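Structure first, then comments.
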Amino acid sequence: MRCPFCKSDNDKVVDSRASEGGAVIRRRRECLECQRRYTTYERVEEIPLRVVKKDGTRQPFERRKVLEGLMKACEKRPVATEALERIVEDIERRLADIADREVSSRQIGEMVMQHLRELDQVAYVRFASVYRAFKDINQFLEELRPMLERRAKSDGKDTKGT
């Protein structure tokens, strides 16, 4: 580390301690040339996550956009905001575990749909209809078919004929 005063790179660490909840190491240093002290901070370099859109453009990942999409899908539904926050946190955690720092918008959309499928079926259908941009009613019905079959089985009915 270069001394900010005399520009020498001959120093010693006098004190080290964790800071910012352990995310940063604060080091107090003393220059062995000019004997002045200064503080440095060491943190893990984070490469921001980028989202590759359908058209190939890249944008920084924005948690706010995922939350807004969830809130629109759950509008006028009995879904707590805390549940949506937990979904976003889970998605962020899963994305942080990806070795590649680029993720497709399709992957994020699939994660959102997976959560919504379990949370609220109406919100899931709303999100899927926008996200998947169905071309016709048949595509929409194909998306709904597995949910309808599961529901019919739980009600003791068979939907194979429909």
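Of note:
- MRE, 222 nm, helices only [DSSP H, n ≥ 4, -39500 (n - 2.57), over the chain, to nearest 500]: -14500 deg cm²/dmol
- Note on Ile25 and Asp9: the model spin-label points, each 7 Å out from Cα along the C-beta direction, lie 1.9 nm apart.
- Principal-axis analysis of the Cα atoms of the chain puts helix 63-73 at an angle of about 20° to the longest axis.
- If both residues of a DSSP beta bridge must be in the chain, then about 85% of such bridges are antiparallel.
- Mean Cα-pair separation over length for the chain, i.e. relative contact order, pairs under 8 Å, 6 or more apart, %: 14
- Angle of helix 121-131 to the longest C-alpha principal axis of the chain, folded into 0 to 90 degrees and rounded to 10: 70°.
- Farthest toward positive dipole pole in the range 11-156 [+1 Lys/Arg, -1 Asp/Glu at C-beta], among Ser104, Phe61, Tyr131: Phe61
- Neighbours of Arg27 by Cβ distance under 13 Å: Lys/Arg scored +1, Asp/Glu scored -1, total +3.
- Rounded tilt (10° steps) of 81-96 against the dominant C-alpha axis of the chain: 60
- Judged by a Cβ-Cβ distance under 4.7 Å, the unpaired cysteines of the chain are Cys74.
FYI, it's all coordinate maths here, none of it is from the lab. As the structure is a computational prediction, the values presented were derived from the model and not from experiment. No Cβ is skipped: glycine too gets one built from the backbone with ideal geometry, and neighbour counts run over all protein chains shown.
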